[in-house]
Amino acid sequence: MSDTSSSLPQQRQHSTIRAGIAKRHARERRFRAYGIAAICAALTAVAILFGMILYKGVPAFWQANVELEIFFDPEIIKVPERPQPQPGQSPAELEKQQLAWERQVTMVNWNRVIKAAIRKAAPDVEIDTKQALSIIETNGRYELRDMFVNDPGLLGQTVTVNLLASANADNWLKGNIDRNLPDAQQQLSAPARALADRLLEEGTIRFAFAWHLFTNVDSRSAPASAGLAGAFMGSLYMMLVVIVLAVPLGVGSAIYLEEFAPKNRFTDFIEVNINNLAAVPSIVFGLLGAAVFINFFHLPLSAPIVGGLVLTLMTLPTIIIATRSALRAVPPSLRQAALGLGASKTQTVFHHVLPVTYPGVLTATIIGVAQALGETAPLLLIGMNAFVAAVPGTPFEQSTALPVQIFLWQGNENRNFFEARTSAAIIVLLALMLALNAIAIYLRTRLERRK
Amino acid sequence: MMNALREDLTQMNMVVRQLAVDTDLYTLPSTTIRTPDLEPQPVKIKARNVNVFYGEKQAIHDVSIDIPEKAVTAFIGPSGCGKSTFLRCFNRMNDTIEGSRVDGLIELDGRSIIDRSLDVVELRARVGMVFQKPNPFPKSIYENIAYGPRIHGLVRSKADLDEIVERSLRKAGLFDEVKDRLHDTATGLSGGQQQRLCIARAIAVSPEVILMDEPCSALDPIATARVEELIDELRENYTIIIVTHSMQQAARVSQRTAMFHLGNLVEEGPTEKIFTSPEVKRTQDYITGRFG
Ligand SMILES: Nc1ncnc2c1ncn2[C@@H]1O[C@H](COP(=O)(O)OP(=O)(O)OP(=O)(O)O)[C@@H](O)[C@H]1O
Ligand SMILES: [Mg+2]
């Protein structure tokens with residue numbers, strides 16, 4: 001083949017390629033631009049979402065507190081001495097007496113004690129009792145009672161106590177309410193508003209971090225003191241149930257299906273149905289849970305155990321599918337190495353194949369659990385939207401859950417106050433999810449480094 | 001007349017062959033194999049009329065062969081002729097392949113390994129395997145070697161295990177290179193080192209037979225030379241079967257060679273004879289590079 005004979009067609013070929021190159025590069029650039037645009041759009045959406053939630057929710061973490069000089073006035077608190085153990089008295093009897101005493105303490109008109117303290121804080125303000133009390137949250141009197149029950153020696157003494165301002169006062173002071181609205185549309189009366197403003201100015205009312213958001217349970221009568229502790233524990237119990245049940249079950253069935261099950265119609269059938277299960281709307285699982293766990297097995301309504309079981313059913317397919325694909329991705333050479341040495345099938349799987357899949361299984365588990373944590377619909381169907389004002393001590397006690405709490409607060413009639421509360425609860429839920437993901441990433445990198 | 005005679009002859013032939021199989025099985029002591037320049041070797045593995053199927057497809061047709069003890073036997077042949085498939089019969093690795101089926105007779109020291117009475121775990125402890133691609137476990141070098149002895153319960157103490165690990169690595173000619181990093185991950189070794197590690201891992205359970213499926217195909221010439229040297233040393237104590245695509249390698253390391261084509265055993269004999277004066281033309285053609 002001589003040079004001259006090949007050069008012409010070759011040159012033509014080169015120019016064709018050159019012409020194409022520009023087009024190819026253009027296509028590549030365009031594709032990259034699409035990608036960047038898509039990511040930017042997604043990021044903007046996420047930024048707006050988070051921005052809105054933070055903007056609305058963060059103020060709810062700070063709440064107005066009223067610092068009052070409380071005088072435990074013997075004139076008002078007219079109760080006998082706290083019963084002391086007598087010789088020859090049975091413990092049951094003592095307890096009965098003490099309960100009776102506590103009941104008497106509860107009957108004390110603590111509001112009068114509070115009112116006296118408010119009068120002392122602003123002696124020159126003309127205001128009637130009801131209006132003065134309207135700036136303090138209604139749980140104030142129980143706080144004083146608890147203080148006294150714990151230490152009856154307070155009688156006759158003056159103590160500085162921080163009481164929560166009422167939801168209405170908090171709203172007013174935060175400027176969530178239009179100050180120009182006429183009296184008829186205001187929640188607080190004019191004197192009460194003036195009092196709140198003045199106490200804030202004098203430093204008697206201060207904004208402090210609302211720790212009770214994490215330590216208190218939900219409350220209807222005293223919305224300002226409502227917290228997430230009950231819902232948080234409920235969610236925690238459900239997560240525990242999900243982890244304890246779904247992980248071993250899911251990983252176990254995935255291992256069996258992938259490594260041991262004979263490949264026949266029956267296993268195909270199971271496989272198809274597991275994939276179907278992953279696509280079933282979550283509310284259907286709620287119906288199933290109500291029918292099976294509550295109606296048939298008579299497990300308690302609104303209990304985290306039932307919620308956990310329902311969420312386990314929901315999470316199982318996710319974990320099974322992810323574990324199976326992780327197992328499938330293990331190179332056959334690893335299995336051959338172990339089998340060739342005389343390891344049994346089980347030894348091969350548990351000593352060599354499974355450890356390689358830990359990162360994948362872990363990620364799947366955390367994603368599954370995070371999904372379960374955020375799930376609301378099925379929980380409504382098993383009664384977890386009931387109002388529960390207690391921290392559940394066991395998974396069998398009534399409880400609510402974080403996402404359900406968000407749902408309940410979102411529907412609360414005190415819109416002004418609970419809008420921020422809802423966002424605050426969302427922040428807590430998101431923080432929990434982020435923490436879960438962080439744990440997943442941490443464990444994953446550690447497992448991967450160990451390899 | 002001639003046809004009838006031929007038919008009779010074939011039938012007789014078959015009867016004789018069957019008889020040979022049957023009697024060999026139960027009565028005759030293991031025969032010896034004569035290879036020039038070598039002591040007569042007893043038969044370690046005997047295969048008779050082995051057929052292997054993958055589903056409907058037959059990959060090995062009626063292969064019979066004797067593998068001598070403490071010698072290197074090379075399997076050669078063009079790609080896809082069934083060398084790996086046949087090799088895998090000796091430690092029943094074909095069991096792990098969906099839809100595969102082996103029939104015929106294979107004996108290790110006179111004991112059938114095809115029937116299910118022999119536990120596959122025991123078989124694989126006696127017949128080790130080294131694969132084409134180095135496949136160390138993603139664990140430490142030490143753990144790689146220690147795994148086999150541990151699962152087979154060959155060690156009583158940590159000291160025993162340490163000793164086995166060192167001995168195996170020394171035999172594989174790897175100890176000096178890795179003695180300072182026994183607890184580093186094995187995947188950090190070079191390809192050649194990994195392959196020698198795999199050989200050490202196979203040796204660690206003290207097998208009688210080592211199967212090697214193209215053990216040098218992923219290695220450079222220097223690493224290949226080291227592995228070949230190693231194979232030559234191992235021959236003293238182990239029966240080795242090696243599949244290779246390199247005629248030179250087969251000639252260098254093996255005492256006997258078996259040539260496969262399209263699932264059939266074409267010819268088998270002393271390596272020197274196969275390479276210098278093969279009886280079958282196809283062998284000649286393959287060795288001289290005319291097909292394959
Ligand atoms: N797992 C399997 N399933 C189905 N067919 C297989 C399988 N493994 C091998 N075969 C077929 O069996 C025949 C022999 O394959 P084998 O791998 O034994 O060849 P080989 O001689 O080792 O080839 P190479 O030298 O390329 O490794 C081939 O036709 C191949 O397609
Ligand atoms: Mg092969």
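The values are calculated or read from the model by the stated rules, or taken from the named source; none is laboratory data. Since we're looking at a predicted model, the values are computed, not measured. All Cβ positions, even for glycine, are placed from backbone atoms using ideal geometry, and neighbour counts span all protein chains on display. The accessibility values were calculated without ligands, DNA or RNA, using every heavy atom of the protein model including side chains. Shrake-Rupley method; radii C 1.70, N 1.55, O 1.52, S 1.80 Å.
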Return the residues of segment B:81-94 that are within 11 Å of the chain's Cα centre (by Cα) and either farther than 19 Å from B:L262 by Cα or assigned to a loop (DSSP other than H, G, I, E, B) (or both); say none if nothing qualifies.
B:F90, B:N91
For residues in segment B:95-109 being in a strand (DSSP E or B) and more than 17 Å from the chain's Cα centre (by Cα), which is nearest to ligand 1 (Cβ to nearest atom)?
B:S100
Tally time: how many residues in segment B:169-217 are under 17 Å from A:A337 (Cα atoms), assigned to a helix (DSSP H, G or I) and within 14 Å of chain A (Cβ to nearest Cβ)?
12
Given the residues B:E163, B:E122, which is the only one that is at pLDDT below 95, at the interface with chain A (Cβ under 10 Å from one of its Cβ atoms) and assigned to a helix (DSSP H, G or I)?
B:E122
So, of the residues in segment B:96-107 that are open to solvent by less than 60 Å² (accessible area, probe 1.4 Å) and more than 14 Å from chain A (Cβ to nearest Cβ), which turns out to be nearest to ligand 2 (Cβ to nearest atom)?
B:V102
Is it fair to say B:S117 is within 16 Å of ligand 2 (Cβ to nearest atom), open to solvent by 30 Å² or more (accessible area, probe 1.4 Å) and out of contact with any helix residue (DSSP H, G or I) (no Cβ under 9 Å at 6 or more places or on another chain)?
no
Which condition from (1) away from ligand 1 (no atom under 16 Å from the Cβ); (2) in contact (Cβ under 8 Å) with a residue 12 or more places away in the chain is the one that B:R156 breaks?
(2)
Say we look at segment B:126-145 and pick out the residues that are closer than 21 Å to B:S84 by Cβ and more than 16 Å from ligand 2 (Cβ to nearest atom); which of these is most open to solvent (accessible area, probe 1.4 Å)?
B:R126
Counting only residues that are more than 14 Å from chain A (Cβ to nearest Cβ) and either closer than 21 Å to A:Q347 by Cβ or buried (at least 22 other Cβ atoms within 10 Å of the Cβ) (or both), segment B:150-160 contains a total of 4
List the helices (runs of 4 or more DSSP H) inside segment A:223-311, counting only whole elements, that have at least 3 residues being buried (at least 19 other Cβ atoms within 10 Å of the Cβ).
A:229-255, A:282-289
When both residues are 6+ apart or on different chains and their Cβ atoms are under 7 Å apart, which pairs have a first residue that lies in segment B:133-149 and is at the interface with another protein chain (Cβ under 9 Å from one of its Cβ atoms), and a second that is charged (D, E, K, R) and open to solvent by 20 Å² or more (accessible area, probe 1.4 Å)?
B:F137/B:E143; B:P138/A:K451
Consider only pairs whose beta carbons are under 9 Å apart and that are at least six residues apart or on different chains; among these, list those whose first residue lies in segment A:336-347 and is facing chain B (nearest Cβ under 7 Å) and whose second residue is aromatic (F, W, Y).
A:Q336/B:F131; A:A337/B:F131; A:A337/B:F137; A:G340/B:F131; A:L341/B:Y147; A:A343/B:Y147
Expected output for segment B:201-219 (first residue within 20 Å of B:P149 (Cα to Cα), partner at pLDDT below 90 and away from ligand 1 (no atom under 16 Å from the Cβ), Cβ below 6 Å, 6+ apart or cross-chain) is B:I203/B:K171
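So that you can scan it fast, the table gives a plain yes or no per residue for (1) open to solvent by 30 Å² or more (accessible area, probe 1.4 Å); (2) away from chain A (no Cβ under 14 Å):
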site: B:I65; (1), (2): no, yes
site: B:I76; (1), (2): no, yes
site: B:F90; (1), (2): no, no
site: B:N94; (1), (2): no, no
site: B:G110; (1), (2): yes, yes
Members of segment B:265-292 that are more than 16 Å from ligand 2 (Cβ to nearest atom) and either among the basic types (K, R) or part of a strand (DSSP E or B) (or both)
B:V266, B:E267, B:E268, B:G269, B:P270, B:K273, B:K281, B:R282, B:R290
From A:F396, A:F417, residue being away from every other protein chain (no Cβ under 14 Å) and not in a helix (DSSP H, G or I)
A:F396
Output for segment A:167-177, where each listed residue is in contact with a helix residue (DSSP H, G or I) (Cβ under 9 Å, 6 or more places away or on another chain) and within 19 Å of A:G203 (Cβ to Cβ):
A:A169, A:D170, A:W172, A:L173, A:K174
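For every residue, the table says whether it meets (1) at pLDDT below 90; (2) more than 9 Å from ligand 1 (Cβ to nearest atom); (3) assigned to a loop (DSSP other than H, G, I, E, B).
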position: B:K44; (1), (2), (3): no, yes, no
position: B:S79; (1), (2), (3): no, no, yes
position: B:D115; (1), (2), (3): yes, yes, yes
position: B:F137; (1), (2), (3): no, yes, yes
Pair list, Cβ < 7 Å and 6+ apart or interchain, from segment A:353-369 residues that are under 16 Å from A:M239 (Cβ atoms) to residues that are of a type in the set (S, T, N, Q) and surrounded by fewer than 18 Cβ atoms within 10 Å (Cβ to Cβ):
A:I366/A:N437
